[in-house]
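The structure under discussion appears below in the form of structure tokens.
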Amino acid sequence: ARSLDKLYNFADCSGLHLIFALNALRRNPNNSWNSSNALSLLKYSASKKYNISWELGNEPNNYRTLIGRSVNGSQLGKDYTQLRSLLQLIRTYSRAHLYGPNIGRPRKNVIGFLEGFLKVAGGTVDAVTWQHYYIDGRVAKVTDFLKTRLLDTLSDQIRKIQKVVNTYTPGKKIWLEGVGTTSAGGMNNLSDSYAAGFLWLNTLGLLASQGIDVVVRHSFLDHGHNHLVDQNFNPLPDYWLSLLYKRLIGPKVLAIHVAGLQRKPRPGRVIRDKLRIYAHCTSYHNHNYVRGSITLYIINLHRSRKKIKLAGTLRDKIVHQYLLQPYGKDGLHSKSVQLNGQPLAMVDDGTLPELKPRPLRAGRTLVIPPLTMSFYVVKNVNALACRYR
């Protein structure tokens with residue numbers, strides 16, 4: 001109870017919504033889920049009027065490896081149906097959201113697991129969830145984060161998940177509910193470095209373009225090396241990247257064409273190249289920019305700078321640049337970043353620094369330094385798609 005209190009209070013005061021995964025490994029002799037412990041927790045949580053959504057288990061396709069006992073998809077589906085019935089018995093949670101099955105990478109056996117689950121419990125979950133890790137944490141090296149082939153593995157996996165979901169529960173939302181650069185908790189000095197941001201930003205862009213509108217990051221604090229802040233609560237590079245993304249990027253995705261670079265269009269791929277460009281409407285919550293503004297975000301994996309000229313209605317607009325580069329002598333291994341040449345650090349325990357853009361005059365060519373990530377807000381475009389929610 002005390003652990004739940006701490007967790008809920010953290011989420012609540014941070015303005016976050018808590019999704020709690022119940023233990024699916026408590027099993028009866030017939031291998032059905034033993035819900036007695038979960039019921040105690042649900043009743044306690046309801047007595048405190050905690051606003052929580054629920055899940056059951058984590059990567060259930062790996063249970064045999066973890067505990068020598070397997071649970072198949074249809075059995076987990078029955079367990080989810082049981083959990084939904086429990087929630088409906090408790091007034092506080094009668095309409096609570098339920099997510100699952102939180103499967104791992106969609107290999108053949110995992111796809112079979114998902115099919116079995118959706119046949120039984122597709123109607124009980126509010127979104128289908130899965131996890132993706134790019135690299136085996138035991139073999140990761142910094143050059144891995146620069147491989148376009150690695151960045152594109154996610155696209156193929158999204159299609160596999162979408163195919164199953166659209167077959168059994170058409171229109172059901174899909175969430176990527178666990179994503180990290182490496183499995184096994186990450187790898188020290190790599191998955192919490194600037195280099196790991198290439199995978200993270202590309203993940204956000206690719207998922208948005210595929211209609212996946214929720215991404216859950218593993219993790220915020222103190223688990224392996226995929227976290228966003230260190231043990232002293234200092235933000236790491238992916239934190240600053242995430243903060244810029246949330247400040248500048250709205251949920252509406254825009255089509256983009258890059259002359260001289262674009263190959264034959266392929267679904268879900270903006271540019272199959274070392275230069276990746278995504279475009280969204282600028283966040284409506286950012287009051288520095290009027291509605292109708294557009295934000296580009298660019299990943300340059302080349303070891304040379306690249307130049308981009310904005311065309312059409314974008315050509316004569318003022319652009320605000322947010323260029324994120326590693327700070328210090330460690331280069332791509334760095335755990336510190338600079339924004340437009342200024343190091344980013346907390347002002348004090350409760351104050352984030354001002355994220356100041358660099359204004360570029362209208363018509364200026366965008367110069368993208370090698371091995372960097374950057375955001376460009378094209379101001380006052382008055383784009384029709386971006387004027388309304």
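The values are calculated or read from the model by the stated rules, or taken from the named source; none is laboratory data. Every value quoted in this text rests on a predicted model; they were computed, and no experiment measured them. No Cβ is skipped: glycine too gets one built from the backbone with ideal geometry, and neighbour counts run over all protein chains shown. Note: areas computed on protein heavy atoms with side chains; ligands, DNA, RNA excluded. Shrake-Rupley method; radii C 1.70, N 1.55, O 1.52, S 1.80 Å.
Could you tell me how many degrees, from 0 to 90 and to the nearest 10, lie between the Cα long axis of helix 2-13 and the main elongation axis, the longest principal axis, of the Cα atoms of the chain? That works out to roughly 30 degrees. Taking the average, over residues, of other Cβ atoms within 10 Å as the packing measure, peptides 316-326, 363-373 rank 316-326, 363-373 from highest down.
Surface calculation, 1.4 Å probe, protein heavy atoms: Lys119 sits at approximately 140 Å² accessible.
Judged by a Cβ-Cβ distance under 4.7 Å, the unpaired cysteines of the chain are Cys13.
Rounded to whole numbers, the Karplus 3J(HN,Hα) couplings from phi for the stretch 60-65 are x, 5, 9, 4, 4, 5 Hz, using 6.51 cos²θ - 1.76 cosθ + 1.60 with θ = phi - 60°, and x at Gly and Pro.
Put the Cα centre of the stretch 317-389 next to the Cα centre of the stretch 275-315 and the gap is 10 Å.
For the chain, the spread of Cα positions along the three principal axes, ordered from largest to smallest, is 69, 49, 45 Å. Over the chain, DSSP H runs of length four or greater, each weighted -39,500 (n - 2.57), average out per residue to a 222 nm ellipticity of -8500 deg cm²/dmol. When the convex hull of its Cα atoms is viewed from all sides, the stretch 262-389 shows a mean projected area of 9.7 nm².
Residues considered: Leu244, Leu201, Leu41. Largest GNM mean-square fluctuation over the chain, using C-alpha springs under 10 Å, is found at Leu41. Using the reciprocal of the averaged 1/r over all distinct C-alpha pairs, how large is the Kirkwood radius of the stretch 31-80 in Å? Result for the stretch 31-80, one decimal place: 12.5 Å. Normalised per residue, the accessible area of the chain is 50 Å², obtained with a 1.4 Å probe and no contribution from ligands, DNA or RNA. Note on Arg64 and Leu352: the model spin-label points, each 7 Å out from Cα along the C-beta direction, lie 4.5 nm apart. Partners of Lys172 within straight-line reach, counting lysines whose Cα lies under 23 Å from its Cα and excluding those fewer than 8 residues away in the same chain: Lys78, Lys108, Lys119, Lys160, Lys163, Lys252.
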